[in-house]
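This report concerns only the one structure given below.
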Amino acid sequence: MTTTRRLQLAATAVVAVLAVLPFAVAGRISLGIFVFIGLFSLIVIGLSLLAGHAGQVSLGQAAFYGLGAYIAAITTLRMGLAPWLALPLAVGGAALAAYLLGAPIFVLRGHFLVLGTLGLNVVMDVLVRNVQHLTGGPTGLTGIPPLSIGALVIVGDRAYYYLTWSFVLAALWVGRNLVCSRVGRALAAVRSSEVAAAAVGINAAFYKSRVFALSGALAGLAGALYVHYLSFVSPSPFAFNFSIDLLVMSVLGGIYHLPGAVAGAAIVTILREALRTIMPRVLGSGASAEYEIVVFGLLLAVVVIFSPAGVWPHLLAWLRLEPGRSSRWTQAASLAGMLPESPPPSPRAEPASVLRLEGLRKQFGGLLAVDNLSFEVPAGEIYAIIGPNGAGKTTVFNLISGLLRPTRGAVYLRGRKVSDLPAYETAALGVGRTFQTPKVFADLTVLENVMVGLHRLTTTSFTAAMFGLGAREDAQAAARAAGYLEVVGLLDRADVLAGALPFGALRLLEVARALAIRPVLLLLDEPASGLSSAERTEVVKLIRHIRDTGTTVVLVEHDVGLVMETADRVLVLNYGQRIAEGAPRLVRNDPRVIAAYLGEEAAS
Amino acid sequence: MNAPGDDVLLAVEGLEAAYGQVQAVRGVSLSVGHSEVVAVIGANGAGKTTLLRALTGLLPSRGRIMLGGRPVARPSPEETVRLGISLVPERRQLFESMSVRDNLLLGAYHRIGQESRAAIEEDLRRVFVLFPALVNRTASRARTLSGGMQQMVAIGRGLMARPRLLLMDEPLLGLAPLVIRDILGTLAQVQHQGQSILIVEQNAKAVLGLAARAYVMEAGRVVRHGPATTLAQDPAVRAAYLGGHVESAEG
Amino acid sequence: MTLTQQIAQFLASGIINGTIYALLGLGLVAIHSATRVVNVAQGEFAALGALLASTLVTRGMPLSLAAAVAVGVAAAVGGGVYRTAIRPARDAGPLTLLIITIALHLSLKGLLLLVWGTDPHSLRPFTAGPPLRIAAAVVTRQSLWVIAVTTVVLVVLYVFFTRTILGKSLRACAVNPTAARLMGIRVERMSALAWMIAGALGGLAGVLIAPLTLATYDMGLILGLKGFVGAVIAGMASYPWTVAACILFGVVESLGAGLISSNYRDGIAFGVLIAALLWRALAALRGGLIISEEAAQE
């Protein structure tokens, strides 16, 4: 029996158990605990998507849970809204709050979300306790109506059990779709290298804030279900401590696997119930339930240190259900030759200059890295920048591609000023680049790396991806990506993880990925360094081929020989200043260049 | 080719080291004599940097490393500098936000407490004699210096450790020829003072003029070794490493 | 009390609170720059210092000795925490390290609860006597102790980082750990030292504040977070700016709570935190940098 088949069987078995569970436990255990496991699973699925896939931690999920709960309670109780109308309001309100908090914070990169969400949790708690005329203060609100749709009133443990778990299964489905989509690949790229992701046009903050909004929505949904289920709400379940509990569930289950969220929620909830019955017996009746934080703290530390991926992978291994690495794009890759090569991005009838720099200056503290630099590159040219290390060559590339802001001056792409745009926008306008030290997305396959390069040329939206609507486009993208791999000669390694490639292949993969954005202008940062002489010959051929298919190339290189062989014109930089520019032959004989760069070697 | 027993400062036998999946050192043996300058040349990716990282213990390695006749067991960078091996790393790796003086002083870190303050101050003066350009910049933050001056600080910092053997990783990388000439001149001076140096460099032409002996590395192995003057005349070496960028630029 | 007097009073208490936050913020910056860890458990050092000093004094130990012991124990716990929880996972990603410090926060808080229980503990002021009048504000003697001790600590830290080889090597580890190892600096010892310094600073903050408020096992989180606010505003890197930002934050919080309602005190504090994050985000958007300027210099 194949693993896939066994996984399907296991999933079916789980659903079947969930379906009959209320009847199996009837009269022995209260179904309530299973309702709560379901509610917590909803929140933790969101948190795991956020931590495992967007690489961010929130310590404020309890606040969104509370926000959903209070929106549902206040709109139904105080404003008389029908509960089925209040539900989307609660979900939307929590999602919006998350989005408004997350969108600016993600611009900062780093781990500031932890602080922001923590702050939100405290602010929320203070407000709920103090704005008494709305929230009822510390005592809360009672008499919240149950959910009802027309004449159908949803009451009782069993009804909420089925409702909650249907939502859990739906959330797992949505999460899985998202992870396997264009959006999921973009998130994986961002986790691996935010700079390289920006260089293919991915706006990291855009996707992170949407994932965060989704996690807020799931928490808000759980909150609304909670109040309609209990018909009662008070501030204490939504305090900061519960945010920590949720994080423990998420990490314990395993943040990289969404079903782990359910496992984590179940383990923690059951463990807590057990502790509440056992602890007072062991420590005497005076022992308060607060002692459980010791247990949870140590549990969290042990899991994070010894099994950062949580219990889920161990659970799968124990059940012999580890999925093999899927090579879902292999078939698509075989279509490589069947799609016509993309036409060049634009015909010749374009402005004469593709790239223009005007008085560009970049200062790092006291160091002037680029000093009043101007040059222009016409369409279809191979333009090389040479100069000693520290001459400012890579800084010029970073300025052109939008990774750095100039201190003064401007960069124009086809007449349009781009130096005030963020890097991902510059990339979207057609500036592709490679890096001196290749930055590939190590945990994606070679083919998927190039598919990420196609990000801005594909359109599956976040919402469409959630509902699994991007499959057709993904297949096409895979075929196109395979085409670019063929150009650089890596097609036979399409299914290899990019992290396992040798150095020379990494450079080629970067080129393929940059070509996939269909660049008007391609910036190559030392394309030949670290390559063997055979690989170097291939790169020279490749650079010429790229130019011949309509892309303007600017390259930085230490290998003067390569520059003389390929470039139409050469710019010589020294200490951030241009000391010469022109055809290779002219530059080579320029006395200033000989003095400053080629030195005595050439003079002798 | 190895120098006779008593003269050997560093003897490496069968060194193996891996650096991710990218580069590797496969069974390299080499030696450096007292007061000798030895060069390792080879293309980028030949394993030269990995070799130095393995020698300092930045990377785990297998094989025998003997310094002054005593084995360097399980080296770690913190230990090897105390044993007398100091590395001037690739791309300088200065403490960029700290002053030139503090950078140099930290080079002598392992001597502080072992030796008098005066001895360390004396070495500081020695560095400024070697690199007079640094004298007026002692209080400047390292990151504000030009590439050439940063390299001078890096070499000075390496010397401040008073190593028995100075390892240098691509000290000439990307420097203008005029600066290269200055630095080579200074290194010659350092060698005359009796300093043993193992220098790894792509710029074979420049470094073969300085070194007494050289090893040529390809794909993680030593493929040739001998006196520098012999290697500089070797047609295969000339074609592969002296042809490269320098001569094509001459036209 | 006139409005001027009230405002003077709020300013004074804001500066004093801000000084305490600054001690915590400095510890956070020390840990972050040496080990790239955002330490959520920083406030627990303060809770430990406060509770321990209080118990030792109750058992009859002279206050100065009790304070020294409390600070020393907090420093040792800082070093111990680094050794047991952070170092084994130092190669894991920032996400894992962050979660570990959250776990540390829970575990330490739980241990404090086990030892000291839920009751608040008090500590007598360092010097007895009536409050003093400074300008329009009335200031307790303990508040002056807070400011005086913190000033001394700042001077000591400044001298340590700029004049001593140990301080310089600690900075070197933060700037370039690989190069520091090549110099023979034992980076792990320096990291442990950074955690010890952070522990000591946290413990000291607890000892100083215990006479002003009361010491409880759960006082740490809020204190640590307020130190965070200042450290974040100052960019998690600069020691002097962290102090300035923490004091400014203390003043804003105190004025807000005083003029609006003290029920909203923490709400205002964390509203400021969120505002500070948004403000920095806007600045980052304007700058548009995606790689740090240092990394950009090849």
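The values are calculated or read from the model by the stated rules, or taken from the named source; none is laboratory data. All figures in this text were calculated on a predicted structure; none of them were measured in a lab. Here the Cβ is made from the backbone with ideal geometry for all residues, glycine too, and neighbour counts use every protein chain on show.
Against the conditions (1) more than 10 Å from every other protein chain (Cβ to nearest Cβ); (2) modelled with pLDDT of 85 or more, A:D590 satisfies every one except (2). Only helices (runs of 4 or more DSSP H) whose full extent lies in the range A:196-315 are considered here, and the ones with at least 3 residues that are within 22 Å of the chain's Cα centre (by Cα), crowded, with 21+ Cβ neighbours inside 10 Å and in the same structural domain as A:R129 (by the TED database) are A:204-230, A:240-253, A:258-283. A search for C-beta distances below 8 Å between a residue of the range A:215-240 that is touching a residue at least 12 places away in the same chain (Cβ under 8 Å) and under 28 Å from A:G55 (Cα atoms) and any residue that is part of a loop (DSSP other than H, G, I, E, B) and not aliphatic (A, V, I, L, M), counting only pairs 6+ apart in sequence or on different chains, returns A:S215/A:S58.
Do we have any residue at all in the range A:279-299 that's at pLDDT below 85, away from every other protein chain (no Cβ under 14 Å), under 30 Å from C:D119 (Cα atoms) and in contact with a Gly (Cβ under 9 Å, 6 or more places away or on another chain)? There is at least one residue in the range A:279-299 that is at pLDDT below 85, away from every other protein chain (no Cβ under 14 Å), under 30 Å from C:D119 (Cα atoms) and in contact with a Gly (Cβ under 9 Å, 6 or more places away or on another chain). Restricting attention to the range C:58-85, the residues being surrounded by fewer than 23 Cβ atoms within 10 Å (Cβ to Cβ) and assigned to a helix (DSSP H, G or I) number 15.
With a requirement of 3 or more residues that are out of contact with any helix residue (DSSP H, G or I) (no Cβ under 8 Å at 6 or more places or on another chain), the strands (runs of 3 or more DSSP E) lying completely within the range A:359-471 that satisfy it span A:367-378, A:408-413.
The set of residues in the range B:171-192 that are more than 10 Å from chain A (Cβ to nearest Cβ) and either of a type in the set (A, V, I, L, M, F, W, C) or not in a loop (DSSP other than H, G, I, E, B) (or both) comprises B:D182, B:I183, B:L184, B:G185, B:T186, B:L187, B:A188, B:Q189, B:V190, B:Q191, B:H192.
Being in a loop (DSSP other than H, G, I, E, B), touching a Ser or Thr at 6+ places or on another chain (Cβ under 8 Å) and within 14 Å of chain C (Cβ to nearest Cβ), is that true of even one residue in the range B:35-51? There is no residue in the range B:35-51 that is in a loop (DSSP other than H, G, I, E, B), touching a Ser or Thr at 6+ places or on another chain (Cβ under 8 Å) and within 14 Å of chain C (Cβ to nearest Cβ).
For the range C:130-167, the set of residues classified as among the basic types (K, R), free of Cβ contacts under 8 Å to residues at least 12 places away in the same chain and away from chain B (no Cβ under 14 Å) consists of C:R133 only. Only one entry of C:L259, C:L282 meets the criterion of being in contact (Cβ under 8 Å) with a residue 60 or more places away in the chain and either surrounded by fewer than 19 Cβ atoms within 10 Å (Cβ to Cβ) or under 23 Å from A:V128 (Cα atoms) (or both), and that entry is C:L259. The combined condition, being within 13 Å of another protein chain (Cβ to nearest Cβ), hydrophobic (A, V, I, L, M, F, W, C), surrounded by 19 or more Cβ atoms within 10 Å (Cβ to Cβ) and touching a Gly at 6+ places or on another chain (Cβ under 9 Å), is fulfilled by A:V126. The residue of the range A:446-464 that is nearest to the chain's Cα centre (by Cα), among those that are farther than 17 Å from A:E194 by Cα and surrounded by fewer than 23 Cβ atoms within 10 Å (Cβ to Cβ), is A:F462. Residues in the range A:63-89 that are away from chain C (no Cβ under 14 Å) and either under 16 Å from A:S250 (Cβ atoms) or of a type in the set (V, I, T) (or both): A:F64, A:Y65, A:I71, A:I74, A:T75, A:T76. Scanning the range A:138-152 for residues that are at pLDDT 90 or above, over 14 Å from A:F238 (Cβ atoms) and surrounded by 13 or more Cβ atoms within 10 Å (Cβ to Cβ) returns A:T142, A:I144, A:P145, A:P146, A:L147.
The helices (runs of 4 or more DSSP H) falling completely within the range A:80-172 that include 2 or more residues that are under 24 Å from A:L47 (Cβ atoms) map to A:83-107, A:113-130. Residues considered: B:M149, B:M160, B:M168. Of these, the only one that is more than 8 Å from every other protein chain (Cβ to nearest Cβ) and either at positive phi or surrounded by fewer than 23 Cβ atoms within 10 Å (Cβ to Cβ) (or both) is B:M149.
Scanning the range B:193-204 for residues being assigned to a loop (DSSP other than H, G, I, E, B) and within 25 Å of B:G68 (Cβ to Cβ) gives a total of 3. In the range C:71-100, the residues that are away from chain A (no Cβ under 11 Å) never reach a residue that is part of a helix (DSSP H, G or I) and among the basic types (K, R) with C-beta atoms less than 6 angstrom apart, at least six apart or across chains.
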